[in-house]
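This report refers to the structure that appears directly beneath it.
Please treat every number below as a calculation from the coordinates, not as lab data. Note that this is a predicted model, so its numbers are computed, not measured. Don't worry about glycine lacking a Cβ; one is built from the backbone with ideal geometry, like all the others, and counts go over all protein chains shown.
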Amino acid sequence: MNSSLLSLSNVTKRFASHQAVDSASLEVVAGDAIVILGPSGCGKTTLLRLIAGLEVPDSGEIWLAGAQAAGAGRSMMPAHERGIGFVFQDLALWPHLTVQRNLNFVLESVKMPRADRAARALEALKLVRIEQLSSRYPHQLSGGEQQRVALARALVGQPRVLLLDEPFSSLDPELRDALRSELARLQRTLQVTTVYVTHDQGDAAILADRVIEMRAGRIVAVNDTKRKEQGA
Amino acid sequence: MWRWQSSRTAVVGAAIVVFVVCCVLPVGYLLTVSLSSVEAFSALLLDARQRQLLYNTALLGTGTALLATAIGAPLGIALARIALPRKAILRLALAAPVLLPPYIVGLAWTYLGSSRGWLATLAGHDLLSAWTYSLPAAIVVLSVVFYPLSMLATEVAMRRIDGRLEEAALVVAPPGRVLSHITLPLAAPGVFAAALVIFVLAVSEFGVPGLLRVRVYTTEVFTAFAALYDFTRAILLAVPLLLLCLIVAVLAAALLGDRLVITRRSAGTRPALFDEWQRPATLGAFVVLTVALVLPLAILVSEAMAAQSISAVLAGSGRAIVNSLVLATAGATAVVGVAVWLGYARARTAGRMGQGADILFVVLFAVPSTIVGVGLILLWNRPGPFGAVYGTDVMLLLGYLARFVPVAALALAASARYVPVSHEEAAAVSGAGWLRIMWGIVLPQIRLGLAAAWVVAFVLACGELGVSILVAPPGEATLPIRVYTIIANTPSSHVAALALLQTAVIFVPLAALGAAMSFREAR
């Protein structure tokens with residue numbers, strides 16, 4: 001359809017009487033770091049779930065890497081075929097699996113050869129600096145360590161697009177700043193296309209090439225940030 | 001805060017005394033008596049006949065647990081994760097067989113499979129009679145009765161799983177892989193615990209093995225006591241069964257942990273993982289419903305139609321019907337009257353003491369009915385004031401208390417957990433005493449739980465056979481005893497009609513409860 005890696009065209013989603021997303025259109029090119037900013041309940045999480053394939057739009061189209069992923073009322077590409085890495089707000093680490101096996105589940109699912117899995121998992125854990133925690137279970141980790149595991153799990157499958165749903169919202173300010181900087185470093189290192197949802201202006205300043213503001217389900221403004229202008 | 005002089009201590013203490021006397025003492029006393037004759041016990045165990053008994057009992061329990069889980073777990077998954085049509089009604093209908101007395105389903109089975117039964121008539125020749133009265137048949141019948149336990153436990157376990165965990169997997173893996181690697185492992189403890197409970201209930205069952213002529217411990221205990229009048233042998237036979245049930249029940253309770261009384265659903269979304277399987281799942285649910293509920297009832301109706309008149313059926317059974325209704329009503333009221341305080345106390349007790357109480361409740365509920373019966377006789381059949389009670393209908397009430405207080409206490413503990421402690425504290429600081437707080441604040445908030453506990457206790461009491469048949473006074477009978485004892489020498493149409501009457505007695509209050517719950521949900 002066009003050269004965008006991710007494209008949303010007039011996407012709408014309604015839950016009962018609540019208009020969650022209203023005619024949202026968006027173009028994301030490879031390597032972009034987008035921050036979607038808005039108050040609670042403005043539809044930003046729903047937009048992320050539509051991109052991931054966890055919801056189906058009522059109308060409009062979603063395109064991924066030149067292929068239509070979803071149209072009005074139907075999904076052409078199931079979630080697991082979209083090449084998405086997703087960091088959930090509550091992290092959703094699988095409690096019955098160790099850190100290593102949380103990552104292995106992803107690698108097995110993307111059909112990575114068995115021989116390469118350990119090295120890839122270690123690489124991802126090193127990226128977020130928790131390689132020593134691979135044999136721990138999620139409940140044995142601190143909040144910050146869990147965030148890093150969630151990030152490693154989202155990155156280990158080398159996704160086309162990394163989606164983050166307010167992943168640092170429950171952390172204390174100090175840890176939040178540290179992890180935000182860490183994520184910015186990863187973006188620069190990996191050049192991964194990122195869509196990050198938040199209600200915090202501070203996140204946008206550090207993480208975004210472009211800030212998209214949402215209100216009541218609608219995209220009301222799109223702004224390039226200093227980071228992009230400076231080519232950071 | 002607990003204080004010795006408070007009304008709370010007096011009321012809960014009284015409930016604990018009743019619980020100990022009715023539920024703990026019979027089993028404890030039986031164990032004590034049997035352990036005092038260790039030599040006879042070990043001699044009994046070496047007997048090849050007893051080893052066969054143990055084998056049959058273990059096979060009945062294992063086979064039923066496996067088959068019931070194989071039927072129930074997929075239904076639980078479907079109820080939790082697939083948008084089935086009219087799900088609330090479907091769930092209620094699928095759960096109904098567990099409330100039927102098992103011997104009623106067994107009775108329908110004998111009418112279906114005997115040499116002149118339904119299947120033989122339809123096929124024009126004998127198909128099933130060779131194994132109508134067999135161990136595999138008992139496994140099938142008990143699985144049909146107990147699969148709802150696995151279904152409901154699986155559904156609850158699935159609903160407790162945070163949907164985000166599955167969504168996080170769905171982003172990288174197809175639904176089948178998400179189910180096998182994420183959902184099922186997380187739900188496994190609940191499913192496994194339900195299988196253990198089914199094992200215990202199956203090896204504790206008396207009516208179905210008795211009806212289908214399968215030799216297991218429960219039937220041998222009954223035969224030793226009621227036919228051979230060999231009380232020592234009955235006690236000794238009860239011990240291996242009791243130990244087996246206690247071990248498995250402790251394991252199940254430990255697996256479930258705090259989940260026995262905390263039934264809150266998890267936060268997060270419920271991904272519709274398998275909506276594309278809606279049609280086959282619906283079809284499967286209706287097949288199970290037909291086999292487990294519609295077919296047995298249809299067979300009984302068909303048999304009953306041959307009865308010449310309703311008065312002929314009721315002749316001789318009127319007293320048993322009235323007895324059943326009166327005793328089940330009184331029994332359910334007494335059970336709830338004791339269990340509500342125990343449940344409240346459990347809900348307000350945290351830590352190991354609370355978990356210990358859960359294990360005790362589960363273990364006591366798992367004690368086979370014939371063993372409870374023998375324990376009650378041991379305890380109450382003696383000179384003095386105890387003897388005055390023995391030989392009266394009070395023994396039946398004691399039997400209901402012994403069997404159903406533990407499960408009612410667990411259910412009411414789960415209800416009481418939903419009432420925040422702060423509600424009581426707010427009433428206390430405004431000057432209300434504990435009884436007033438319970439009457440005005442706590443009990444009104446758990447009234448639906450109380451109603452449900454009463455109805456379940458009533459239904460269970462109506463169908464109770466194992467204890468009743470042992471402790472009922474001479475000449476007195478409840479409907480289950482009447483049906484069970486006339487099977488051999490009464491026209492099948494009369495037996496089927498009485499079984500149907502008993503089914504109606506069970507389903508009418510259930511339907512009323514279902515309607516009350518629907519009304520509340522609609523509001």
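Tabulated results
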item: Debye log10 I(q)/I(0) for the stretch B:17-175, one point scatterer per Cα, at q = 0.10 Å⁻¹; result: -0.65
item: The stretch B:307-523: relative contact order as a whole-number percent, Cα under 8 Å and 6+ apart; result: 33
item: Tail weight of P(r) past 15 Å, computed on alpha-carbon pairs of the stretch B:316-400, percent; result: 70
item: Selection from A:Ser7, A:Asn102, A:Ser25 lying farthest towards where the dipole of the stretch A:1-159 points positive, charges on Cβ; result: A:Asn102
item: Gap separating the Cα centres of the stretch B:49-118 and the stretch B:420-447, nearest whole Å; result: 42
item: Selected from B:Ala409, B:Val294, B:Ala238, residue furthest toward positive end of dipole (the protein assembly as shown; charges at beta carbon); result: B:Ala409
item: Distant alpha-carbon pairs in chain B (separation over 36 angstrom), percent; result: 33
item: Alpha-carbon centroids, the stretch B:461-523 and the stretch B:152-175: separation in whole Å; result: 39
item: Total charge dipole magnitude, the stretch B:307-523, about the Cα centre, Cβ charges on Lys, Arg, Asp, Glu only, Debye to nearest 20; result: 220
item: Debye, to nearest 20: dipole size of chain A, +1 on Lys, Arg Cβ, -1 on Asp, Glu Cβ; result: 480
item: Radius of gyration, Dmax [the stretch B:307-523; alpha carbons; angstrom]; result: 20.0, 67
item: Helical segments meeting 30 Å axial Cα length and Kyte-Doolittle 1.0 threshold in chain B (DSSP H); result: B:135-160, B:231-256, B:318-347, B:394-417, B:492-522
item: Against the rule of thumb 2.2 N^0.38 Å, how large the Cα Rg of the stretch B:337-379 comes out; result: 1.41
item: Charge dipole of the stretch A:75-232 about the Cα centre (unit charges at C-beta), most positive-ward option of A:Val197, A:Val220, A:Val128; result: A:Val128
item: Scattering profile of chain A at q = 0.10, 0.13, 0.14, 0.17 Å⁻¹ [log10 I(q)/I(0), Debye over alpha-carbon scatterers]; result: -0.44, -0.76, -0.89, -1.28
item: 0 to 90° range, to nearest 10: angle between helix A:173-190 axis and chain A longest Cα axis; result: 80
item: Cα-centre dipole for the stretch B:28-304 with unit charges at Cβ (Lys and Arg positive, Asp and Glu negative), debye to 20; result: 580
item: Ratio Rg/Rh, restricted to the stretch B:28-304 and using Cα atoms, in which Rh is the Kirkwood radius; result: 1.04
item: Fewest-first ranking of A:His96, A:His139, B:His181, using other Cβ atoms within 10 Å as the exposure measure; result: A:His139, A:His96, B:His181
item: Alpha carbon Rg of the protein assembly as shown, scaled by the compact-globule rule 2.2 N^0.38 Å; result: 1.14
item: Relative contact order, percent, chain B [alpha-carbon distance under 8 Å, six or more residues apart]; result: 21
item: Chain A: relative contact order in percent, alpha carbon pairs under 8 Å with at least 6 residues between; result: 27
